[in-house]
Amino acid sequence: MSIGQGDFLVTPLQIAQQTAFIATGRVPTPHFAQEIDGQEYKSKYTDVLNLKEREQLPVIQKAMYQVCNNLKGTATSYLHSKVTIAGKTGTAQVVAIKQDIKKRKLEHEMSYYSRSHAWFTSYGPYKNPQYVVMVMVEHGGHGGHAAGGIVSDIYNKLLELGYIKP
């Protein structure tokens, strides 16, 4: 379960919330409103980490940075974001593949509806997290390959529109 193998049911919003938690160390309450009754809506966060957990959080944050910025990272070669981000790629199998099969089909050789879903969750900018971008591509195959370009385009648009300050 710790690496996602097995029965695990989660929504994209839950993944985005957990990504924001890792980025900030606080659990955000998801919302869509920018203002209510003319008043800007202020995000609500819940502190859930004890001191020891808070001290360990940078290890996870650095690992997510490496996914997107280290030459061996699972997303690095698929990203073209102008914003420095941290993230996690993922693949959700649609059909079970028996472990005793010696020669397995490659993802692109499988019928479309048997292909895995591609996940990529991220936060950025890395040093001053402001946004979480979570992309799931149905039957897209592997996370970084299928979703990396989409994630990059979203961060680049946020930068272009001035939502993220360089």
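The values are calculated or read from the model by the stated rules, or taken from the named source; none is laboratory data. Keep in mind that what you see is a predicted model, and the values were worked out from it rather than measured. Note that each Cβ is placed from the backbone with ideal geometry, even for glycine, and that neighbours are counted across all protein chains shown.
For the residues Gln61, Gln56, the requirement of being surrounded by 14 or more Cβ atoms within 10 Å (Cβ to Cβ) and either assigned to a strand (DSSP E or B) or not aromatic (Phe, Trp, Tyr) (or both) singles out Gln61.
Scan the range 96-108 and tell me whether some residue there is in a helix (DSSP H, G or I) and of a type outside the set (Gly, Ala, Ser). Break it down stepwise before answering.
Within the range 96-108, the subset in a helix (DSSP H, G or I) is 107-108.
Applying the additional criterion that residues be of a type outside the set (Gly, Ala, Ser) yields 107-108.
Yes, the range 96-108 contains a residue that is in a helix (DSSP H, G or I) and of a type outside the set (Gly, Ala, Ser).
For residues that are farther than 11 Å from Lys82 by Cα and loosely packed, with under 11 Cβ neighbours inside 10 Å, tally how many sit in the range 149-166. Here the count works out to 3. If the condition is being aliphatic (A, V, I, L, M) and modelled with pLDDT under 85, then the range 11-47 contributes only Ala33. Summed over the range 84-135, residues that are at pLDDT below 90 and of a type in the set (Ser, Thr, Tyr) total 6. Criterion first (farther than 28 Å from His31 by Cα, of a type in the set (A, V, I, L, M) and either surrounded by fewer than 23 Cβ atoms within 10 Å (Cβ to Cβ) or within 16 Å of the chain's Cα centre (by Cα) (or both)) does Ala96 satisfy it? So Ala96 fits the description; yes. For Lys72, the conditions (1) without any contact (Cβ under 8 Å) to a residue 12 or more places away in the chain; (2) loosely packed, with under 13 Cβ neighbours inside 10 Å; (3) under 26 Å from Pro30 (Cα atoms) all hold with the exception of (3).
For the range 31-47, a residue qualifies if it is of a type outside the set (Asp, Glu) and out of contact with any Lys or Arg (no Cβ under 9 Å at 6 or more places or on another chain), and the qualifying residues are Phe32, Ala33, Gln34, Ile36, Gly38, Gln39, Tyr41, Lys42, Ser43, Lys44.
Taking the criterion of being closer than 14 Å to Thr19 by Cα and in a helix (DSSP H, G or I), no residue of the range 133-150 qualifies. Within the range 103-118, one or more residues are under 17 Å from the mean Cα position of the chain (by Cα), buried (at least 18 other Cβ atoms within 10 Å of the Cβ), on the phi < 0 side of the Ramachandran plot and not small (Gly, Ala, Ser). Residue count for the range 118-132 satisfying the condition of being assigned to a strand (DSSP E or B), free of Cβ contacts under 8 Å to residues at least 60 places away in the same chain and farther than 11 Å from Thr89 by Cα: 2. Applying a threshold of 6 Å to beta carbon distances and a minimum spacing of six or more residues, or different chains, the list of pairs starting in the range 33-54 at a residue that is under 16 Å from Gln130 (Cα atoms) and ending at one that is of a type outside the set (Asp, Glu) and part of a strand (DSSP E or B) reads Ser43/Pro28; Tyr45/Arg26; Tyr45/Pro28.
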